[in-house]
Protein chains: 2
Amino acid sequence: MKHKITFMPDNVAVNVDDDTILFKAVKAAGLYVLSSCGGKGNCGKCKVVIKEGKTDTGKSRSFLSVEEAKRGYALACLTRVKSNLTVEIPPESRMQAKHKIATGANMEELIKLMQQAGGCLESRINRVYLEIDPPTIDDNIADYERLRRALDKAGFDASHLHMNYMMLIELPHVLREGNWKVTVSVFSITAVLEVLDIFPGNAIRTRYGAAVDIGTTTIVVYLVDMTNGHIIGTASTYNSQVKCGDDVITRIVYATERNGLKELHDLAVGNINTMLTELSEKNNIPPSMIDYLVVAGNTTMIHLFYGIDPQYIREEPYIPAATFFPLIRGKSVGLQVDPRAIIYSMPNVASYVGGDISAGVLVSQIHKQDQVSLFIDIGTNGEIVLGNKDWLVTAACSAGPAFEGSGIKFGMRAMEGAIEEVEINPKTYDVNFRVIGDVKPIGICGSGMIDTLAEMYLNGVIDQKGKIREEIGSKRIRRGESGLEYVLAWRVESASNKEIVITEVDLDNLIRAKAAIYAGFSTLLSQMNMTFADIDKLCIAGGFGRYIDVERAITIGMLPDLPVDKFQFLGNTSIMGAYFALLCDRLRHEAEEIARRMTYIELSVSRSFMDEYLSALFLPHTDLNAFPTVKKELEYRKKS
Amino acid sequence: MKHKITFMPDNVAVNVDDDTILFKAVKAAGLYVLSSCGGKGNCGKCKVVIKEGKTDTGKSRSFLSVEEAKRGYALACLTRVKSNLTVEIPPESRMQAKHKIATGANMEELIKLMQQAGGCLESRINRVYLEIDPPTIDDNIADYERLRRALDKAGFDASHLHMNYMMLIELPHVLREGNWKVTVSVFSITAVLEVLDIFPGNAIRTRYGAAVDIGTTTIVVYLVDMTNGHIIGTASTYNSQVKCGDDVITRIVYATERNGLKELHDLAVGNINTMLTELSEKNNIPPSMIDYLVVAGNTTMIHLFYGIDPQYIREEPYIPAATFFPLIRGKSVGLQVDPRAIIYSMPNVASYVGGDISAGVLVSQIHKQDQVSLFIDIGTNGEIVLGNKDWLVTAACSAGPAFEGSGIKFGMRAMEGAIEEVEINPKTYDVNFRVIGDVKPIGICGSGMIDTLAEMYLNGVIDQKGKIREEIGSKRIRRGESGLEYVLAWRVESASNKEIVITEVDLDNLIRAKAAIYAGFSTLLSQMNMTFADIDKLCIAGGFGRYIDVERAITIGMLPDLPVDKFQFLGNTSIMGAYFALLCDRLRHEAEEIARRMTYIELSVSRSFMDEYLSALFLPHTDLNAFPTVKKELEYRKKS
């Protein structure tokens, strides 16, 4: 027996067997519903509303508020189809259109997104195939001038031709090797046309570039076919600089010591070379064929990548060596690409707002819209942009790497063995957790920390200040080396055979991190005489950002209490923006315009920021009225 | 008793004692009269005309034609003052105004000459002293952007600023070291403004550049104070590449073998580095302060200097890698100067007419004059330019390095121990010679060879074809390993205690060399439907050129039989032109215009050249009527 399920508001119908899990029906209809647990009944995210028809809702109710239950809410993954149904997928359960981009590897969507942003396949580096008249005794101009003439004929303005020394040395041989049929890579800086490379024969179809995102914690590389924009391969790795310090400040300090700068430079270049080599080998493309790289990263990372002393970034008045870097050659930096390759770094705005953010805004397109948006890149740092098509302000809220595990006793990055979801039983204080890779846990990652903080707070394990309430008398509460702590996983549950705990020190660090982010938002808004009510959209970017459960993040007061449909997850916008700029020179220019337009606000010297920060050192905030849904949830829990 | 000597046409008078040698009186009057022997009565060049008064003319007559004797000619160095005199210094005896420049070291004259050519002290590289606003928390733009803003304020268009990677790395430190007062070296390529260097404090007064002439045989360097054009020091050396071959062709062959190209490159760079280091040390200027070099040389030398394979220069259709080379950095080439230093090479015209010739024309200024001039640079090759302000044609006559000693049994360069002047007694066939450094001879240099050839011919030791006339029965004529030879110096006269001879093979080589030069002249003229009668000026450039005795060179048919006052000795115009271009960017542009305007004629495939060459394989020429003064001299000698 088949049942027809009609999903609203999409008005898409699908026929399924009796007793089918509704979650599968959603997928069968080609629709998406949020889920962190993949439909295992653990995360409670796949809420749908049964508008009409019969279902078996199972234990669904345990994840729902009384209010929700009354209104027909059910978890899709725990609900079985029993008749024809009309089902609404509410906004809060919808996979945001751009959510999938977060993986950074869905090429078709990326190319589409680039096109939507006005981009096209017109890179800074052009390639042209030339059939040159061979020299004769009557037409005996030099090779270089002959090439100039051929470029002129081909429609380029080669009156100010330039060519790298190494290239000039190869020129006579390549021209003859190709029997005067060659392919030339050229690019222009104002009126100067530079020949970047030259290949015998027709090499129009073999243009490769790379987009690189140098994060404080992770580095991502895309190897790109420049002729069609295809991502040939992606690779990512933890930034090996991590061993020299978790955040930009410790890295800068490290750079000023002994051989530190060179070491950090070598580590970043080494990471990128390893990935480029791996991608090249896997795809049978010599790395020397890569002649254009666009690099995005925070200002400090770019300094370290180039080996430029970042010390003045750290000292007041916080001055980087450059924000708009000149073009630098592959060889100078030590990248194993075409030695003449051009490295372009996405324009930085200030010492603590880098090219990753101009890349991010480029991807978000908030700089073109009428509506006012907040953009936040939650990585190792937290950079915020507020604005619309008329104005843009930006700030760095130095949240610190707590959510990446730094300063948290059992903190770790989001990798196998990390607790990523936590649920605390309000009665027994027992803990349910989900571990990445479905293995025994070894620690807890950012999303798990947010969950822990939210669950502990909502269930009264900690108070508004994040202090553990010993008085509730749970066996999980105990006194450890650094004061009170709460056991998340018992010895037998843990991979390392030791209890995994969260300490009051951890809690304090997490609260300070989330407070910095929220205070950043508030300060930027107050600078513009605005409130959160004026925000039409809040874009969340960054590797970590995509794993955030918005509701939980609101619960702890890290994100403002806005309707869920105002949040948009963009994924790693740094690499995406670098990819856009790599392929489309117009978008690269646009990123420069964005960086120029952004007004940087230095929060560290802002009195208002300190006030906002102190107010945000509570769960969710000193002013609970600013968090009505949290307030409601607390009231609901008190009642139940 | 004093006599008043009035010199005409200068109308300069001087009082001298009775019996004073007239040659000394000329000097005392501050005037010049030609002399190769320095006033010893050997060269017969210091002819003056006694218009009025009594003299003792001594043996003066032996150097004079009957005609001259009749008209009152006398040799100044053999004439004693016996009363008040009126003396004319005829044009043929005048030191050409520019003769002294030949040494290339008379700075005042060089600067004056540059100014006459329209030059000024506006080099391609500018230096500007900037007092930059230090950063504050409210004005916290990056160092690079701060510098850009300061340059903009100082009146530069820095909207397209560029900076070398190495420079960028130093930037933050230099700015702070100089306490935000810095001096910046900048230069422009079209709209791009490049910061070449930056110094703490005011360094406006320490700009150094170098002009370099890379000849096939010799290399000359000027170290120049760019602030006032002063030549701080000059150095010259034989090109160490000589051991790899005497002329460009053998060098090219050498370059294509094994490691030959690198070796030749290293030798040239090594020579220049040695001289730059020596000059820098002597003048207490760190070589790293030299940030601009202008290099002139023939096309092959420039290829070898840069390490660019010259092989296609030698193979038909004779194509160089470049004629207008792109700018190349000091570091790329391996010069021990500022690693960011710009190396500019004077524009080449074709494979066998190089930047030394565009430099030469620039110095000669023939490209601006109404009158038609011939320009010849007699070095290891012989390059010729014919033209005026409306047109310029050029050719290389591949004279070969015979006059530099190559292929001549006792040939040597013009250094100590070289026979530089030769006189043969028409009766006894005895030889009088003058040796550079007044030592015992070890060989014979170019001017000595010309003298020898001329004297042997005029005195009937050889016939018109250069064959030794055994029948005259001189003990100096004998049969050696390679046939007949003529003894110039006996064993006892020679430093090496062996006879110095000139062989028939030597004579043949010399005749072929001089024939190539003359045929070059004739071919260029016939291309333009002109004859020697149309030539208003014949400029002789080149290291060797300046030691040529014009009359002797006419005698052997190397130079055309034009009135002596049409000859102008310019000296080493290659280094002079490089110096002009170094100091004045307008003149550098002018040299490029010159190179563009010159039409290159490839003599090696010219039928007409072959004809002219064959006709010139006689002394002085098949057509003796083209050499009336030689014809007259021969007739005069026959009579006496």
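Within region A:197-243, how many residues are of a type in the set (S, T, Y), under 16 Å from A:T183 (Cβ atoms) and touching a helix residue (DSSP H, G or I) at 6+ places or on another chain (Cβ under 9 Å)? Talk me through it step by step, then tell me what you get.
As a first pass, look at region A:197-243 and keep what is of a type in the set (S, T, Y): A:206, A:208, A:216-218, A:222, A:227, A:234, A:236-238, A:240.
Retained after the next criterion (residues that are under 16 Å from A:T183 (Cβ atoms)): A:206, A:208, A:227.
Now drop any that are not touching a helix residue (DSSP H, G or I) at 6+ places or on another chain (Cβ under 9 Å), which leaves A:206, A:208.
Counting residues in region A:197-243 that are of a type in the set (S, T, Y), under 16 Å from A:T183 (Cβ atoms) and touching a helix residue (DSSP H, G or I) at 6+ places or on another chain (Cβ under 9 Å) gives 2.
For region B:182-199, how many residues meet the condition of being surrounded by fewer than 17 Cβ atoms within 10 Å (Cβ to Cβ) and modelled with pLDDT of 90 or more?
0
Among the residues that make up region A:526-549, is at least one of them buried (at least 24 other Cβ atoms within 10 Å of the Cβ) and either of a type in the set (D, E, K, R) or farther than 20 Å from A:S364 by Cα (or both)?
Among the residues of region A:526-549, not one is buried (at least 24 other Cβ atoms within 10 Å of the Cβ) and either of a type in the set (D, E, K, R) or farther than 20 Å from A:S364 by Cα (or both), which makes the answer no.
Taking the stated definitions as given, is B:E471 touching a Lys or Arg at 6+ places or on another chain (Cβ under 6 Å) and farther than 13 Å from B:M456 by Cβ?
Details: touching a Lys or Arg at 6+ places or on another chain (Cβ under 6 Å): no; farther than 13 Å from B:M456 by Cβ: yes.
No; evaluated as a whole, the condition is false for this residue.
Looking at A:Y486 and the list (1) modelled with pLDDT of 95 or more; (2) under 30 Å from A:K368 (Cα atoms), which single condition is not satisfied?
(2)
Restrict the check to region A:566-586 and report whether at least one residue is in contact with a helix residue (DSSP H, G or I) (Cβ under 6 Å, 6 or more places away or on another chain) and under 23 Å from A:D611 (Cα atoms).
No.
Please count how many residues of region B:62-79 are assigned to a loop (DSSP other than H, G, I, E, B) and either at pLDDT 75 or above or basic (K, R) (or both).
Initially, region B:62-79 is screened for residues assigned to a loop (DSSP other than H, G, I, E, B), giving B:64-65, B:71-72, B:79.
From the residues that got through so far, the ones that are either at pLDDT 75 or above or basic (K, R) (or both) too are B:64, B:71-72, B:79.
Number satisfying all stated conditions: 4.
Inspect all residues belonging to region A:467-485 and state whether any of them is open to solvent by 30 Å² or more (accessible area, probe 1.4 Å), touching a Ser or Thr at 6+ places or on another chain (Cβ under 7 Å) and not in a helix (DSSP H, G or I).
Start the filter on region A:467-485 by keeping residues that are open to solvent by 30 Å² or more (accessible area, probe 1.4 Å), which leaves A:467, A:469-473, A:475, A:478-479, A:481-482.
When the remaining residues are screened for being touching a Ser or Thr at 6+ places or on another chain (Cβ under 7 Å), the result is A:482.
If we keep only those that are not in a helix (DSSP H, G or I) as well, we get A:482.
Yes: region A:467-485 contains one or more residues that are open to solvent by 30 Å² or more (accessible area, probe 1.4 Å), touching a Ser or Thr at 6+ places or on another chain (Cβ under 7 Å) and not in a helix (DSSP H, G or I).
I need the full set of residues from region A:165-221 which are basic (K, R) and in contact (Cβ under 8 Å) with a residue 24 or more places away in the chain, in order please.
Taking region A:165-221 as the starting set, the residues that turn out to be basic (K, R) are A:176, A:181, A:205, A:207.
Hits for region A:165-221 are A:K181, A:R207.
Restricting to region A:248-262, what's the tally of residues that are in contact with a Gly (Cβ under 9 Å, 6 or more places away or on another chain), open to solvent by less than 40 Å² (accessible area, probe 1.4 Å) and in contact (Cβ under 8 Å) with a residue 60 or more places away in the chain?
Residues meeting the conditions: 1.
Could you check, for region B:428-447, whether at least one of its residues is within 20 Å of the chain's Cα centre (by Cα), closer than 30 Å to B:L525 by Cα and open to solvent by 10 Å² or more (accessible area, probe 1.4 Å)?
Taking every residue of region B:428-447 in turn, at least one turns out to be within 20 Å of the chain's Cα centre (by Cα), closer than 30 Å to B:L525 by Cα and open to solvent by 10 Å² or more (accessible area, probe 1.4 Å).
Look at region B:150-180 and say how many of its residues are of a type in the set (S, T, Y) and surrounded by fewer than 17 Cβ atoms within 10 Å (Cβ to Cβ).
As a first pass, look at region B:150-180 and keep what is of a type in the set (S, T, Y): B:159, B:165.
When the remaining residues are screened for being surrounded by fewer than 17 Cβ atoms within 10 Å (Cβ to Cβ), the result is B:159.
Number of matching residues: 1.
So, A:I517, is that one touching a strand residue (DSSP E or B) at 6+ places or on another chain (Cβ under 8 Å), under 28 Å from A:V385 (Cβ atoms) and open to solvent by less than 10 Å² (accessible area, probe 1.4 Å) or not? Full working, then the answer.
On the way: touching a strand residue (DSSP E or B) at 6+ places or on another chain (Cβ under 8 Å): yes; under 28 Å from A:V385 (Cβ atoms): yes; open to solvent by less than 10 Å² (accessible area, probe 1.4 Å): yes.
Against the criterion (touching a strand residue (DSSP E or B) at 6+ places or on another chain (Cβ under 8 Å), under 28 Å from A:V385 (Cβ atoms) and open to solvent by less than 10 Å² (accessible area, probe 1.4 Å)), A:I517 qualifies.
Counting just the residues of region B:572-622 that are more than 30 Å from B:E633 (Cα to Cα) and of a type in the set (F, W, Y), which one comes out surrounded by the most Cβ atoms within 10 Å (Cβ to Cβ)?
Across region B:572-622, the extreme among qualifying residues is B:Y579.
Residues to consider are B:I204, B:I219, B:I231; find the one that is farther than 29 Å from A:H160 by Cα, modelled with pLDDT of 90 or more, open to solvent by 10 Å² or more (accessible area, probe 1.4 Å) and more than 14 Å from every other protein chain (Cβ to nearest Cβ).
Working: B:I204 fails: modelled with pLDDT of 90 or more; B:I219 fails: open to solvent by 10 Å² or more (accessible area, probe 1.4 Å).
Within the list B:I204, B:I219, B:I231, the selection yields B:I231.
If we keep just the residues of region A:121-138 that are open to solvent by 30 Å² or more (accessible area, probe 1.4 Å) and modelled with pLDDT under 90, which is nearest to the other protein chains (Cβ to nearest Cβ)?
Within region A:121-138, the match that is nearest to the other protein chains (Cβ to nearest Cβ) is A:I137.
When you scan region B:139-150, how many residues do you find that are more than 7 Å from every other protein chain (Cβ to nearest Cβ) and among the charged types (D, E, K, R)?
Total satisfying the criteria: 4.
Could you check how many residues of region A:393-411 are within 13 Å of A:G443 (Cα to Cα) and β-branched (V, I, T)?
1
Is it fair to say B:K409 is open to solvent by 10 Å² or more (accessible area, probe 1.4 Å), among the basic types (K, R) and in contact (Cβ under 8 Å) with a residue 40 or more places away in the chain?
Numbers: open to solvent by 10 Å² or more (accessible area, probe 1.4 Å): yes; among the basic types (K, R): yes; in contact (Cβ under 8 Å) with a residue 40 or more places away in the chain: yes.
Taking the combined requirement at face value, the residue satisfies it.
Which residues, taken from region B:151-166, are over 15 Å from B:N126 (Cα atoms) and away from every other protein chain (no Cβ under 12 Å)?
Passing the criteria: only B:K153.
Restricting attention to region A:445-478, which residues are closer than 25 Å to A:M415 by Cα and touching a helix residue (DSSP H, G or I) at 6+ places or on another chain (Cβ under 7 Å)?
Initial filter on region A:445-478 (closer than 25 Å to A:M415 by Cα): A:445-456.
Across region A:445-478, the qualifying residues are A:G446, A:S447, A:M449, A:I450, A:D451, A:L453, A:A454.
What residue, among those in region A:381-395 that are open to solvent by 20 Å² or more (accessible area, probe 1.4 Å) and in contact (Cβ under 8 Å) with a residue 24 or more places away in the chain, is nearest to A:Y486 (Cα to Cα)?
Of the residues in region A:381-395, the ones open to solvent by 20 Å² or more (accessible area, probe 1.4 Å) are A:381, A:389-391.
Next cut, in contact (Cβ under 8 Å) with a residue 24 or more places away in the chain only: A:381, A:391.
Details: A:N381: 27, A:W391: 46 Å.
Looking at residues that are open to solvent by 20 Å² or more (accessible area, probe 1.4 Å) and in contact (Cβ under 8 Å) with a residue 24 or more places away in the chain, I get A:N381.
The values are calculated or read from the model by the stated rules, or taken from the named source; none is laboratory data. Remember, predicted model here, so these are calculated numbers, not experimental data. So basically every Cβ, Gly included, is an ideal-geometry build from the backbone, and we count neighbours across all protein chains shown. Calculation scope for accessible area: heavy atoms of the full protein, side chains included, ligands and nucleic acids excluded. Shrake-Rupley method; radii C 1.70, N 1.55, O 1.52, S 1.80 Å.
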